[in-house]
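The values are calculated or read from the model by the stated rules, or taken from the named source; none is laboratory data. Predicted model only: the values in this text are computed from it and were never measured. Neighbour counts run over all protein chains shown; Cβ positions are idealised from the backbone, glycine included. Side chains are part of the model used for accessible areas, which takes the heavy atoms of the whole protein and leaves out ligands, DNA and RNA. Shrake-Rupley method; radii C 1.70, N 1.55, O 1.52, S 1.80 Å.
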Amino acid sequence: MPRDASTDKPLVELVNVAKIYPPDIVALEDVSLRIYKGEIFFLTGMSGAGKTTLIKLICRLETPTRGLIEVAGRDLSRISPAGIQRMRQKIGIAYQDFRLLEKQTVLQNIAMAMEVTYASTKAIHARVDELLALLNLSDKRDKLTGELSRGEQQRVALARAAANGPSLLLADEPTGNLDPAATELVINLFRHLNEKNGSTIVVATHDKSIYAETEHRVMDLRKGHLSAHPNRAPRQIELFEA
Ligand SMILES: Nc1ncnc2c1ncn2[C@@H]1O[C@H](COP(=O)(O)OP(=O)(O)OP(=O)(O)O)[C@@H](O)[C@H]1O
């Protein structure tokens, strides 16, 4: 989806953000970042670099030790708990550890995420069927998620995150358990959400294959510091990084 960096306000903005876990584990140090509406943004970095921490800060599952975080122009530190709940209804989160209810079916796991929308059962089932078809999981709809392979569970977690057509999708290591064919399905899901719903998508990943062929912005976290990915042109850095 095209965007104009000169006129858009960022959907997500971090200014000089640090996160230090007790007693003194520095996960992020002085991170400033803008992510614009309609972007697909990749966050790379080695294990322990701080990717999950950054994702959790954006949806306020963690709070920063220092710095400002704004989502849709609102300072997260000033939003009430009820306001955070409302904000999260517009954010889809695909967790690295999936967080599925293993004794519930695929349909139930995804449908549960949609109950907040008060959609009809018919509309919920149609959406679930659409997402499962996109992710090649149609035959798993009535299976318990605990009985699926890790790769299948990972795709169910993505379908659940995508279910409400979120304004912002945060995907933490979304292809960690997938083969190339399933990885392609996930990339197509991101494109679909981005183009059809205008969803902004933030992907934290080790997996070069999901950003190698794209024109999208890639930034690299190293020991809590953020910089442009070494393989990306400097022009991109100037365009996006203030
Ligand atoms: N709840 C926590 N308490 C203490 N330390 C934490 C906590 N969560 C993360 N850390 C530490 O913060 C640092 C960054 O962790 P984070 O999970 O954000 O990295 P990551 O880039 O997502 O790694 P991975 O790719 O392995 O998931 C690591 O040193 C990690 O051990």
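Restricting attention to the range 212-233, the residues that are modelled with pLDDT of 90 or more and closer than 26 Å to Ala18 by Cβ add up to 8. Of all residues in the range 133-146, those being surrounded by fewer than 19 Cβ atoms within 10 Å (Cβ to Cβ) and in contact with a helix residue (DSSP H, G or I) (Cβ under 9 Å, 6 or more places away or on another chain) number 8. Where helices (runs of 4 or more DSSP H) sit wholly within the range 87-164, those with at least 1 residues that are under 20 Å from the mean Cα position of the chain (by Cα) and within 20 Å of Glu195 (Cβ to Cβ) occupy 121-134, 150-162.
Between Ser120, Ser138, Ser167, Ser199, the distinction of being in contact with a Lys or Arg (Cβ under 6 Å, 6 or more places away or on another chain) and of a type in the set (Gly, Ala, Ser) belongs to Ser167 only.
Pairing each residue of the range 60-82 that is on the phi > 0 side of the Ramachandran plot with any residue that is part of a loop (DSSP other than H, G, I, E, B) and open to solvent by 70 Å² or more (accessible area, probe 1.4 Å), provided the two are 6+ apart or on different chains, yields C-beta distances under 8 Å for Gly73/Lys9.
Filtering the range 20-61 down to residues that are assigned to a strand (DSSP E or B) and within 16 Å of Pro174 (Cα to Cα), which residue is farthest from the ligand (Cβ to nearest atom)? Spell out the reasoning first.
We begin by selecting, within the range 20-61, every residue assigned to a strand (DSSP E or B); these are 20-21, 25-36, 40-45.
Narrowing the set further to residues that are within 16 Å of Pro174 (Cα to Cα) leaves 40-45.
Working: Ile40: 19, Phe41: 15, Phe42: 13, Leu43: 9, Thr44: 9, Gly45: 5 Å.
Among them, the one singled out is Ile40.
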